[in-house]
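Trainee: Can you read through this structure? Questions will come right after.
The values are calculated or read from the model by the stated rules, or taken from the named source; none is laboratory data. Since the structure is predicted, the reported quantities are computational estimates derived from the model, not experimental observations. Quick reminder, even Gly has a Cβ in these numbers, built from the backbone with ideal geometry, and neighbours come from all protein chains shown. Ligands, DNA and RNA are excluded from the accessible area calculation, which covers all protein heavy atoms including side chains. Shrake-Rupley method; radii C 1.70, N 1.55, O 1.52, S 1.80 Å.
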Number of protein chains: 2
Amino acid sequence: MSFQKEKAIFTEYIRSKNLKHSEQRQLIMDVFLKTEKHLTAEELYEMVKKKNPSIGYATIYRTMKLLTEAGLCRELHVVDGVTRYEHLYNHKHHDHLICTKCGKFVEIESPRIEELQEKIAKKHGFILTRHRLELYGLCKSCKN
Amino acid sequence: MSFQKEKAIFTEYIRSKNLKHSEQRQLIMDVFLKTEKHLTAEELYEMVKKKNPSIGYATIYRTMKLLTEAGLCRELHVVDGVTRYEHLYNHKHHDHLICTKCGKFVEIESPRIEELQEKIAKKHGFILTRHRLELYGLCKSCKN
DNA sequence: ATTAATATGAAACTCATTATCAACTTGGGC
DNA sequence: GCCCAAGTTGATAATGAGTTTCATATTAAT
């Protein structure tokens with residue numbers, strides 16, 4: 001769990017864009033990588049703040065944008081209007097099943113659905129570039 | 001194309017909630033019903049303004065919310081972060097295929113995908129309440 | 001017509017996110 | 001190690017879609 005690969009990717013991205021390393025970026029990346037959750041900017045901010053109380057909100061957003069561009073992170077835009085960040089590197093494509101009561105996120109995968117999507121797009125003469133599939137409902141614990 | 005049914009539904013909704021009819025509500029509903037498109041609040045505002053220049057933005061939002069509650073309208077939240085309104089009455093459930101270049105909306109339908117979604121939810125112990133499926137790509141005209 | 005309840009438009013306010021900017025780091029050349 | 005141009009930061013202002021507030025205007029039941 002040292003995230004060597006991810007860190008190397010970020011370093012390479014920084015280099016390729018002639019950007020610079022900074023303590024803040026390292027720290028935000030560390031916190032993000034160590035947490036296998038779908039975090040909001042606010043949650044990340046609170047966690048990072050514990051290690052560096054002078055961190056600013058904007059730096060969280062800026063760094064998450066960089067991580068996204070570097071291919072380490074995916075921005076999720078679910079119904080509540082708040083962006084969540086999830087790991088992308090070494091995580092194969094998936095969609096989400098979300099509990100509307102407790103907020104639980106479950107990663108789902110369905111090659112059959114993907115195929116059907118392609119078929120539909122083709123039928124309408126579209127070339128698919130991406131899709132969004134979210135299933136909302138009540139999880140096992142919340143439905144009772 | 002007189003939308004008798006839709007108007008009756010709205011009247012009944014207004015009555016059931018002890019609300020009142022108003023010129024503005026009628027006008028906004030008319031403009032919405034006559035346009036078989038996925039309109040934003042801004043687009044509706046511009047269209048309504050031509051017939052009643054003193055209309056306020058808030059009245060558009062308030063009325064669209066009422067139409068949604070009455071079951072005549074569905075709010076669509078697609079990637080650009082702007083809510084769009086589409087007809088719901090007499091329109092069976094569908095998802096969307098959206099051209100990211102020209103903004104074209106195509107309504108799609110796939111019972112097979114819906115089935116698979118239910119199956120996935122069930123597998124994880126969820127009760128599905130709704131879902132969101134959007135396919136993004138380039139349409140026939142834009143892909144060349 | 002009276003009047004109590006609801007609706008309206010303008011403007012203030014949210015809330016997540018982005019832009020601005022002066023002060024501060026970073027890192028490559030000496 | 002020091003310089004310094006280029007990039008970064010945190011605070012704060014700005015943005016933009018959507019909502020709330022509130023004084024005034026409409027509606028509809030009597």
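Trainee: Taking a temperature of 37 °C and a viscosity of 0.692 mPa s, what whole-number D in µm²/s does Stokes-Einstein yield for segment B:69-113 with Rh from Kirkwood over alpha carbon pairs?
Mentor: This corresponds to a translational diffusion coefficient of 278 µm²/s.
Trainee: Measure of size requested: the Rg and Dmax of chain B, with Cα atoms as the atom set and Å as the unit; please supply both.
Mentor: Every Cα atom of chain B included, Rg and Dmax give 17.5, 54 Å.
Trainee: When the helix-only estimate is applied to chain B (DSSP H runs of n ≥ 4, each -39,500 (n - 2.57), divided by the residue count), what is the mean residue ellipticity at 222 nm, nearest 500 deg cm²/dmol?
Mentor: Taking each H run of at least 4 residues, the total per residue is -13500 deg cm²/dmol.
Trainee: Between copies, how close do the residue A:49 label points come, placed 7 Å along Cα→Cβ, listed in nm from shortest?
Mentor: Nearest to farthest, the other copies are at 4.0 nm.
Trainee: Would you please calculate the Kirkwood hydrodynamic radius of segment A:49-123 over all C-alpha pairs and express it in Å, rounded to one decimal?
Mentor: 15.0
Trainee: Moving to a separate point now. What are the label-to-label distances in nm, one decimal and shortest first, from residue B:62 to the same spot in the other copies, with labels 7 Å along Cα to Cβ?
Mentor: 4.2
Trainee: Per residue, what volume in Å³ does the Cα convex hull of segment B:95-137 take up? List each step's numbers first, then the result.
Mentor: Values: hull volume 3.0 nm³, N = 43.
Each residue corresponds to 69 Å³ of Cα convex hull volume.
Trainee: Still on this structure, I have one more. Helix by helix, which DSSP H runs in chain A go 27 Å or more along their axis at the Cα atoms and have an average Kyte-Doolittle hydropathy of 1.0 or more?
Mentor: Length and hydropathy pass: none found.
Trainee: What relative contact order, as a whole-number percentage, does segment B:21-75 give when Cα pairs under 8 Å and 6 or more residues apart are counted?
Mentor: Numbers: 28 pairs, mean separation 19.1, N = 55.
Relative contact order for segment B:21-75 comes out at 35 percent.
Trainee: Report the local net charge at residue B:107: Lys and Arg +1, Asp and Glu -1, summed over other residues whose C-beta lies under 10 Å from its C-beta.
Mentor: Around residue B:107, the charge tally is -2.
Trainee: Can you give me the Rg/Rh ratio for segment B:4-87, using Cα atoms for both radii and the Kirkwood formula for Rh?
Mentor: Details: Rg = 12.2 Å, Rh = 12.9 Å.
Answer for segment B:4-87: 0.94.
Trainee: So how do B:23-29, B:79-85 stack up, highest first, on mean other-Cβ count within 10 Å? Walk me through the numbers on the way to the answer.
Mentor: Details: B:23-29: 17.4, B:79-85: 14.6.
My ranking of the peptides, most packed first, is B:23-29, B:79-85.
Trainee: With every protein chain left in place and a probe of 1.4 Å, what is the accessible surface of residue B:130, to the nearest 10 Å²?
Mentor: Estimated to the nearest 10 Å², residue B:130 gives 120 Å².
Trainee: If you restrict to DSSP beta bridges whose two residues both lie in chain B, what percentage is antiparallel, to the nearest 5?
Mentor: Numbers: 11 of 15 bridges.
In chain B, approximately 75 percent of DSSP beta bridges are antiparallel ones.
Trainee: I would also like to ask the following. Please express the shape of the protein assembly as shown as an equivalent ellipsoid: the semi-axes are the square roots of 5 times the eigenvalues of the C-alpha gyration tensor, given largest first in whole angstrom.
Mentor: Values: eigenvalues 311, 109, 87 Å².
In descending order, the three semi-axes are 39, 23, 21 Å.
Trainee: What is the mean number of Cβ atoms from other protein chains located within 10 Å of the Cβ atom of each residue in peptide B:68-80, rounded to a whole number?
Mentor: Partner Cβ neighbours, averaged per residue: 1.
Trainee: Other chains near A:108-121: what is the mean number of their Cβ atoms within 10 Å of each residue's Cβ?
Mentor: Taking all residues of A:108-121 together, the mean is 5.
Trainee: Using only atoms on other chains, find how many Cβ atoms lie within 10 Å of each Cβ of peptide A:95-104 and report the average. Could the numbers behind the result be given before it?
Mentor: Working: counts 5, 1, 9, 3, 4, 3, 0, 0, 0, 2.
That works out to 3 on average.
Trainee: Relative contact order for chain A: what percent, with Cα pairs under 8 Å and sequence separation of 6 or more? Write out the running numbers ahead of the final one.
Mentor: Values: 137 pairs, mean separation 26.7, N = 144.
Answer for chain A is 19 percent.
Trainee: What length, rounded to one decimal in nm, is gained on full extension from residue A:65 through to residue A:42, with 0.36 nm per residue of separation minus their alpha-carbon distance?
Mentor: Roughly 6.8 nm would be gained on extension.
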